[in-house]
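Quick notes on the structure that follows.
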Amino acid sequence: MINTKFKKWAVHQSIHHPKRTLTSALIITLIMGFGLQHFVIEDDMMKMIPKSVKTRVVWEEVKDEFGNTDLIFVAFGAEGKSLFQKKAMSDLWDFTKALEALPEVEEIRSLTNLNKMENEDGFLLIDDLVNTKDLSLEEIADIKDYLIRNPELKKRVISQNDDFFNIVVIPNGNTSEQASVVKIVATAEKLLSGYDLHFGGPPYLVGIVSSLVRADAMFLVRIGLVMMVIILLASLRSVAGVFMVLFVIILSLIGMMGSMGWIRGLTGSERFVFSIMNTSMPIILMTIANSDSVHFLTKFFKKLRITGDKAKAIEQSIDSLMLPIFLTSITTAAAFLSLVFAPIEYMTGYGVSIAIGISWAWILSTTLLPSLIMLKDWPLNSRAIRKPGLLERIVDKFGGKIIKFPRSILISGLLLVAVGIHGIKLVTTEVNMFSFFEKGNKIRDSLEFLDKKMLGAMDLEFLINGDMKDPELLQQISQLQDYVEKNPSVSITFSIADVIKRMHRTVMDDDPDYETVPDDRAKVNNLYTMYSMSGDPDDLTALVDYEYSKALVTAILKNVSTKSSVLFVNDIEQFVDKNFTKYKDITATGQLVVLRDMVELVIKSSVISICVSIVVITFIAAIFFRHLGWGILAVIPLSAAVILNFGFMGILKIDLNHVTALLSSVIIGVGVDFAIHYISQYRRLARAKVPIETRSNRVIDEVGYPIILDALSNMAFGALLFSEFIPLQHMGGLMVFAMFSTSFGTLTILASLLELTGRRKKVMKKLLGEQ
Amino acid sequence: MIRTIFLLTIIFSTTYPQDGIAIAKMVDERKAPQDIVSKTTMLLTNSKGKTRTSTILSKSINNGSKQILWFLNPADDKGVAFLKIEHDDKADEMRMWLPAFKKVRRISSSKKGDSFMGSDLSYEDMTNRALDENNYKRLEDDMVDGKECFVLEVVPNAEIKSTYSKHITWVEKETLIAIKEESYDLGGNLRKKKMFLFESLSGYNVISNIFVEDIQKNHTTKLTMGDIKVDSGLDESLFQEKNLKRLPRN
């Protein structure tokens, strides 16, 4: 009833008041667009993770207690040239001081602010290793000599061949990683122009990747749009028609992004910010808005070809497509709205905003688009109207043949799905951003350099709770470090136990035999007190807490995959269980671990969303088509496509990460569109008693072409395949695959299923409510 | 410790000087006890509100140029002792007794900005400010807690390589005692706020409470001096390494 009333209203508005409809649509979009002033881009991926996730809780605790633990690695030097010379030392001094002066930087660890701890004739000295910018050659020789005597310290600050300095920068936790990275890189490039420069570390990657990925994605999406226009132009052969499709897409996008801004502005909710996870939002809406418009426009051309009357063609198109477009919109919007139940807060904004965009695209497709069509003269002798295009003719020619062998097609489809199910088991998660870059990429080259020549650029932390004055625990920490360092990926570890061991040796007249944790609590305590009297207590704040009840062990690693890091952490947990007798409260943390948990959450959210979406779509389709059977039929092609999508990722070793995991939403969004258009047309013809022998042919004749055109034009986003970032390439590939699997899933599996069902008259009568 | 900080407790003559340097000179010529003995409780509070408390027996002579400290509390630190002897012509001597190792160790004093015992007072804060090593400027008078004060700007000379760019000191007009000081880092940013309380003892104004707040680290130190004795006849011979090893009864 509501549908009929709205249909009549839409027909009336489009045919009789096209200018008013156009003006109203523009004004409303403009109002929605004003929300863009509140639009916020958020690059801090850590904010995506719910505060209740254990590793985030531990990570926050670590940051609160020990300061920011995120490390950016900067290496500079020149291959084969020793840096133990005046100019290089002076440049390192200037660079360190310049970084220390940046508000975006919390702490610097470089050779110039390293402490030395020495004992000469009973005189304990804790002092700066480098005291001044302008060092004499003798002083430089002394520094080198001290580092040679302390190889563990040396490898923290300079490469093995003395040709590259290693500087660890800890960004200020209160500023965005992107802002910190920009300043650090600019400072390095300004002061160290004569050297080879390399950067790495999770904050560097997070800071640089989000903006680079977004810029690359925006560029390629524009190319995708151009390609989409070319494909539409070639098929529709009407510049005005393509312009109208684009117009609807652009207004829908403005509506979606503006609404996101408005909600963010009015509620202040952090859920409505645009993160790297939201990168797929515009693409998803573009495909859906394109789908609505393409279906309408092709239907209009077909009707105009038959009737020769513009108003009549519009009325018939609205009559024929109002319900399916409404249904595809409401089901897809409901599917995306289900994301409000996802554990990641950003997904609420993602789901709600896309749902608004989809709804706006539906209104525009059924009101603005017919009005635009109404406002234009369509010469009946134009090629676009006079005869079908090449694509339309191909689809018409081959479409009908597909359903001649429904059983074979169905079995083939099911076999493919079985292969997909097998492939799902092979899917791997990878969040290490190293995997984002192809070989030869400048950033990857830098990371490989840091792995090869320096300590690596990844860090892993272990938070240990216990009495840090207890020699037993300190010895266990030391054993843990020895065990961790056995892993070939680990370059170095450091903890409070190292400081205690060094101080013990120093107090015992620099006797190497005493580089151990003392066996007596009182001795440990004396060492702590001695440090507070002779060194800077701030030196220890990154290692042990104020009450000596928590300590942090940091491991610097070369590149490891997420899978390896999970195995590594599990292995260490087993080691702790087996060997730590008195204290067992040890938790692995760090950005790598938290990211791993985040991706698990993204996947969990996506799976929940897919399942909820399928259930919601089934019920909505069942309600509007008045039988559960139609609901089930509507989700079959998209369910098959989802399985094939993940199976395809597993078989082709495409990693699941926070970018690719969400792409399955495109399948839901577009897959349901195709299925509902097909079912709606089939149902119309079945109710009109079109004979079973020609019914499927006629359905494909009506909806086959718009489905294929829609899929083909959306495949233009395959332009992302040419990205320099691997996740974007995967996104492009998956877009092409999603379009292929959903369109062919509809035109083969669903078509075959309906053909077979249609042959059973009783079943079909039940489905149509005629029995 | 008390003696060194005592130098900040400027006791002025009844004739108010007209400029900064004149005030500083009065400080240098002030009457001070020969020696001070006290039990000091030190309460450290970090930015998260976590605290550490220590009790220290302190004995000093010659305006704190010779000072010996024994840790009484917490139990873990009991017996640790520290001896400091300042020299005009060479680096100060600092020795520490580590009872668990039964060893005395000389420790470095080269980093004047380093914290003293983990507190917000650095070795520089604890050392006498020589008149000729700083420039003094009188600023506009001010009120602190209802007390009228002179305000001095103290700028260390470049050659002493201070870790501060300047200090602003508030001196109570009535008692001529410094009751508040702000110290600025080399970048000109406020680093520390210090408040001082005094009590009158045997004709001297002796410091009884110090509160220091490190603004940049959000860390505070509260020193409370108890059982204060002045001019108790301490002998120079007390300030020797051998005396670190034995915790005195009083």
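Every number here is computed from the coordinates shown, using simple stated rules; none is lab data. Given the structure is predicted, the values throughout are model-derived calculations rather than measurements. For neighbour counting, all protein chains shown are included, and Cβ atoms are generated from backbone atoms with ideal geometry for every residue, glycine included.
As I understand it, the dipole of chain B uses +1 on the Cβ of Lys and Arg and -1 on the Cβ of Asp and Glu, about the Cα centre. Which of B:Ser115, B:Ile61, B:Pro99 lies farthest toward its positive end?
B:Pro99
Could you give the size of the charge dipole of the protein assembly as shown about its Cα centre, using +1 on the Cβ of each K and R and -1 on the Cβ of each D and E, expressed in debye and rounded to the nearest 20?
7700
Taking 23 Å as the cut-off for C-alpha to C-alpha distance, list the pairs among B:Lys25/B:Lys137; A:Lys469/B:Lys103; B:Lys48/B:Lys192; B:Lys173/B:Lys222 that go past it.
B:Lys173/B:Lys222
Run down the aspartates and glutamates and flag those whose C-alpha is under 13 Å from the C-alpha of A:Lys97, throwing out any fewer than 8 positions away in its chain.
A:Glu106, A:Glu107
When only alpha-carbon atoms count, how far does chain B stretch along each of its three principal axes, as whole angstroms with the largest first?
That gives 54, 40, 37 Å along the principal axes, largest extent first.
Considering the dipole of chain A built from charges on the beta carbon (Lys and Arg +1, Asp and Glu -1) around the Cα centre, which of A:Leu304, A:Met227, A:Thr96 is farthest to its positive end?
Looking along the dipole axis, the top candidate is A:Leu304.
As a test of the formula, what do you get for chain A when each DSSP H run with n ≥ 4 contributes -39,500 (n - 2.57) and the sum is divided by the residue count, at 222 nm and rounded to the nearest 500 deg cm²/dmol?
-21000 deg cm²/dmol
Could you grab the Rg to Rh ratio for segment A:374-525? Cα atoms only, Kirkwood for Rh. Walk me through the numbers before you get to the answer.
Details: Rg = 34.0 Å, Rh = 23.6 Å.
For segment A:374-525, the value is 1.44.
Apply the membrane-span-like helix rule to chain A: whole DSSP H runs, Cα extent along the own long axis of at least 15 Å, mean Kyte-Doolittle hydropathy at least 1.0. List the helices found.
A:202-236, A:239-267, A:346-363, A:406-424, A:591-625, A:628-651, A:726-744
Which value, in debye to the nearest 20, gives the size of the charge dipole of segment A:72-200 about its Cα centre, when Lys and Arg are +1 and Asp and Glu are -1 at the Cβ? Don't jump to the answer; show the numbers that get you there.
Numbers: 14 positive and 23 negative charges, 69 e Å.
Charge dipole, segment A:72-200, about its Cα centre: 320 debye, nearest 20.
As a test of understanding, state the convex hull volume per residue of segment A:72-200 from its alpha carbons, in Å³.
Measuring per residue, one finds 110 Å³ for the Cα hull of segment A:72-200.
If you average over every viewing direction, what projected area does the convex hull of the Cα atoms of segment A:35-117 give, in nm²?
On the way: hull surface 40.8 nm².
With every direction weighted equally, the projected area is 10.2 nm².
Residues with amide H under 5 Å of A:Val431's amide H, sequence separation 5 or more or different chain, H placed in the peptide plane at 1.01 Å from N; which?
When sequence neighbours closer than 5 places are left aside, the close amide H contacts are A:Thr562.
Normalized C-alpha radius of gyration of segment A:66-112, against 2.2 N^0.38 Å?
It is 1.30.
Based on the Cα atoms of segment A:659-737, what semi-axes does the equivalent ellipsoid have, where each is the square root of 5 times one gyration tensor eigenvalue, given in whole Å with the largest first? The partial results should precede the final answer.
On the way: eigenvalues 236, 29, 9 Å².
Largest first, segment A:659-737 gives 34, 12, 7 Å.
I'd like to compare A:135-144, A:193-202: which one has the highest average count of other Cβ atoms within 10 Å, and what's the full order after that?
Values: A:135-144: 14.2, A:193-202: 19.7.
Result, highest mean Cβ count within 10 Å first: A:193-202, A:135-144.
Taking the Cα centre of segment A:414-453 as origin, work out the dipole magnitude from +1 charges on Lys and Arg Cβ and -1 charges on Asp and Glu Cβ, in debye rounded to 20. Show your work: numbers first, answer last.
On the way: 6 positive and 5 negative charges, 14 e Å.
It works out to roughly 60 debye.
If you keep only loop residues by DSSP, which trypsin sites (Lys or Arg not before Pro) in segment A:1-97 have at most 15 other Cβ atoms within 10 Å of their Cβ?
A:Lys51, A:Lys81
What ranking do B:241-248, A:163-170 get when scored by the average of other Cβ atoms within 10 Å per residue, highest first?
Result, highest mean Cβ count within 10 Å first: A:163-170, B:241-248.
Please quote Rg/Rh for segment A:559-685 to two decimal places, taking the Kirkwood radius as Rh and restricting both calculations to Cα atoms.
1.21
Shielding of B:94-106 by partners, i.e. mean partner chain Cβ atoms within 10 Å per residue?
If you average over the peptide's residues, the count of other-chain Cβ atoms is 6.
Based only on Cα atoms, what mean projected area does the convex hull of chain A have, in nm²?
Orientation-averaged projected area of the Cα hull: 36.9 nm².
Considering only DSSP states other than H, G, I, E and B, which GluC sites (Glu not before Pro) in segment A:49-82 qualify as loop sites with at most 16 other Cβ atoms within 10 Å?
A:Glu79
In deg cm²/dmol and to the nearest 500, what is the mean residue ellipticity at 222 nm of chain B if only DSSP H runs of at least 4 residues count, each as -39500 (n - 2.57), divided by the residue total?
-1500 deg cm²/dmol
Which of the pairs A:Lys404/A:Lys689; A:Lys81/A:Lys453; A:Lys582/B:Lys245 have their Cα atoms more than 23 Å apart in this structure?
A:Lys582/B:Lys245
Over all Cα pairs of segment A:156-313, how is the pair count split among 5 Å bins, expressed in % and running from 0 up to the last occupied bin?
Each 5 Å bin holds this share of Cα pairs: 1, 7, 11, 13, 12, 10, 9, 8, 8, 6, 5, 3, 3, 2, 1, 1, 0.
Stick to the Cα atoms of segment A:215-276, pair each with every other, and give me the Kirkwood hydrodynamic radius in Å at one decimal.
In segment A:215-276 this quantity evaluates to 13.7 Å.
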